[in-house]
Ligand code: ADP
Ligand code: MN
Ligand code: MN
Ligand code: MN
């Protein structure tokens, strides 16, 4: 029997790209081939020359359809088979190849917010919920909205063979997090983009939509980030490279901010467990610093660092490219 392949790709929308997908029915025994789409509908091409190419880069069993069906994450190429300008995976592959010998690993904490009926899930009509404080890792119908979706999503990620490492309810009402990794810079992005697609798709079943808006509600409500944990083999062995990595990130702070997701100025205000986007800082256990050295890393004098700046809506390929280039080039030249 033929099987179904869901081709998933990242579009060209600005300032934040969006996921798209469509289904191909493939004869038994054949691999998912190159495919195409109309780039004029995804802000990836003008109408007159609208063809773009989908090249499969990461194929997993489809946990929703089951059977022989698969999910096929693709990169977008032009018809000349060059990476499309919206394709940030290609640069990530190049950065990883350059520094593969340092064995960079990333772990991503993807925060997101559920919406139902046009407002954050759990937000009452025409008023305000109880102030945040009880929702983080909470339990009970007065504090938790959307847990069924979270549970289904976690199982789906595991069944698809994605390296999901945990989930938790977040500080703002209707807000959650899942973690992916640690994995190499390219693979962590592949797993995260596929996990994002599964989240949107599974939430559909509940008439709920998941959003990566970095600051869903203005005022005294936490934003949504994508804390990025990073290490190299040297950092996993001793402390000096940990400090060198924190210093290196400080040298390129504004360049990194530009690649860490649209609307970052609204989220990194200096309040709600963030450092202001205009200032760079690092510190042990400090959740008000740009970069945190976890206490276990300080105690064991080796481990990893957490860049707390990336937004929930950041592209993991761009974040991974920046961190790998900045940190690995600094460690290489010592
Ligand atoms: P937090 O305390 O900031 O909420 P989490 O437990 O949510 O931390 O996430 C920690 C992340 O760090 C996980 O994604 C995990 O995969 C990642 N991680 C663990 N060890 C390493 C390492 N050596 N290098 C990079 N990432 C790592
Ligand atoms: Mn976390
Ligand atoms: Mn979190
Ligand atoms: Mn964190």
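The values are calculated or read from the model by the stated rules, or taken from the named source; none is laboratory data. Worth saying up front: this structure is predicted, and the values here are computed from it rather than measured. Cβ atoms come from the backbone with ideal geometry, glycine included; neighbour counts cover every protein chain shown.
Filtering the range 310-329 to residues that are more than 13 Å from ligand 1 (Cβ to nearest atom) and not in a helix (DSSP H, G or I) leaves 311, 312, 313, 314, 315. Scanning the range 124-159 for residues that are in contact (Cβ under 8 Å) with a residue 60 or more places away in the chain, in a loop (DSSP other than H, G, I, E, B) and under 19 Å from residue 206 (Cβ atoms) yields a single hit, 146.
Can you pull out every residue in the range 224-233 that is more than 14 Å from ligand 4 (Cβ to nearest atom) and crowded, with 20+ Cβ neighbours inside 10 Å? Steps first, answer last, please.
Taking the range 224-233 first, the residues more than 14 Å from ligand 4 (Cβ to nearest atom) are 231-233.
Across the range 224-233, the qualifying residues are 231, 232.
So residue 165 fits all but one of (1) within 17 Å of the chain's Cα centre (by Cα); (2) surrounded by fewer than 21 Cβ atoms within 10 Å (Cβ to Cβ); (3) more than 16 Å from ligand 3 (Cβ to nearest atom); what number is the exception? Going through (1) within 17 Å of the chain's Cα centre (by Cα); (2) surrounded by fewer than 21 Cβ atoms within 10 Å (Cβ to Cβ); (3) more than 16 Å from ligand 3 (Cβ to nearest atom) one by one, residue 165 breaks only (3).
Is there a residue in the range 278-291 that is in a strand (DSSP E or B), in the same structural domain as residue 172 (by TED's automatic domain parsing) and without any contact (Cβ under 8 Å) to a residue 12 or more places away in the chain? Yes, the range 278-291 has at least one match. Quick check: is even one residue across the range 105-113 modelled with pLDDT of 95 or more, farther than 20 Å from residue 226 by Cα and away from ligand 1 (no atom under 16 Å from the Cβ)? No, the range 105-113 has no match at all. For the range 17-57, the set of residues classified as surrounded by fewer than 17 Cβ atoms within 10 Å (Cβ to Cβ) and in a loop (DSSP other than H, G, I, E, B) consists of 18, 27, 28, 29, 30, 31, 33, 34, 43, 46, 50, listed by residue number. Based on this model, can you work out whether residue 296 counts as at positive phi and in the same structural domain as residue 105 (by TED's automatic domain parsing)? In short, no.
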